[in-house]
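The structure under discussion appears below in the form of structure tokens.
The values are calculated or read from the model by the stated rules, or taken from the named source; none is laboratory data. Just so it is clear, the structure is predicted and the values come from calculations on it, not from any experiment. Cβ placement follows ideal geometry from the backbone for every residue including glycine, while neighbour counts extend to all protein chains displayed. With ligands, DNA and RNA removed, areas are computed over all heavy atoms of the protein, side chains included. Shrake-Rupley method; radii C 1.70, N 1.55, O 1.52, S 1.80 Å.
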Amino acid sequence: MGDTPTDFPDVPFMRELGARLLGAADGQAQVALELQPRHGNSWGVGHGGVVMALLDVAMARAGRSLVERDGRLGVGSVTVEMKTSFFRPARGTVVAHGRVLHRSTTMTYCEAELVDAGGVLVAKALGTIKFLTRPDAAQRL
């Protein structure tokens, strides 16, 4: 994918989790996280909120890769809706693979899958991501 691994300089929450953007280009993105005890739930596996955050950001970055490719810089994204299904406990290093399924001028409809180090499907999400210029978004908050 297009980008080099990064620690999410523009998303404090992802930095706090320790997530890494492995790449984002051509409507696809990959986000990785080595799960630590601090990411766990009461069962000692990855918390569902952490899983959903990785899926959410993978979808958003996949969509943003198309927007940025078109030269629309300074664009931020917000999730309009998201549905997540959980299949297995999240353990070890996990990677969220996001991709755009459909794109309009201001939104993308995406999917993302979270897999473990063995490639086993942990969770899947579908979501709609809306794009706003950052000044517009700041005024609406």
Exception for residue 10 within (1) touching a Pro at 6+ places or on another chain (Cβ under 8 Å); (2) free of Cβ contacts under 8 Å to residues at least 40 places away in the same chain falls at (1)
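Could you tell me whether residue 118 is within 24 Å of residue 12 (Cβ to Cβ) and modelled with pLDDT of 95 or more? Give the steps one after another, and end with the answer.
Values: within 24 Å of residue 12 (Cβ to Cβ): no; modelled with pLDDT of 95 or more: yes.
The answer is no for residue 118.
Suppose we filter the stretch 65-83 for residues that are open to solvent by 30 Å² or more (accessible area, probe 1.4 Å) and out of contact with any Lys or Arg (no Cβ under 7 Å at 6 or more places or on another chain); how many remain? Walk me through it before giving the result.
Initially, the stretch 65-83 is screened for residues open to solvent by 30 Å² or more (accessible area, probe 1.4 Å), giving 68-74, 77-83.
Keeping just the survivors that are out of contact with any Lys or Arg (no Cβ under 7 Å at 6 or more places or on another chain) gives 68-73, 79, 81-83.
Number of matching residues: 10.
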All-but-one check, residue 61 against (1) open to solvent by 60 Å² or more (accessible area, probe 1.4 Å); (2) charged (D, E, K, R); (3) free of Cβ contacts under 8 Å to residues at least 60 places away in the same chain, failing number (1)
Output for Cβ contacts, cut-off 9 Å, separation at least six or different chains, first residue under 11 Å from residue 94 (Cβ atoms) in the stretch 119-133, second among the aromatic types (Phe, Trp, Tyr), reads 120/87; 121/87; 122/86; 122/87; 123/86; 123/87
In the stretch 39-58, anything buried (at least 19 other Cβ atoms within 10 Å of the Cβ) and in contact with a Pro (Cβ under 9 Å, 6 or more places away or on another chain) is listed as 46
The residue that is most open to solvent (accessible area, probe 1.4 Å), considering only those in the stretch 84-111 that are of a type in the set (Ser, Thr, Tyr) and either under 14 Å from residue 54 (Cβ atoms) or touching a residue at least 12 places away in the same chain (Cβ under 8 Å) (or both), is 109
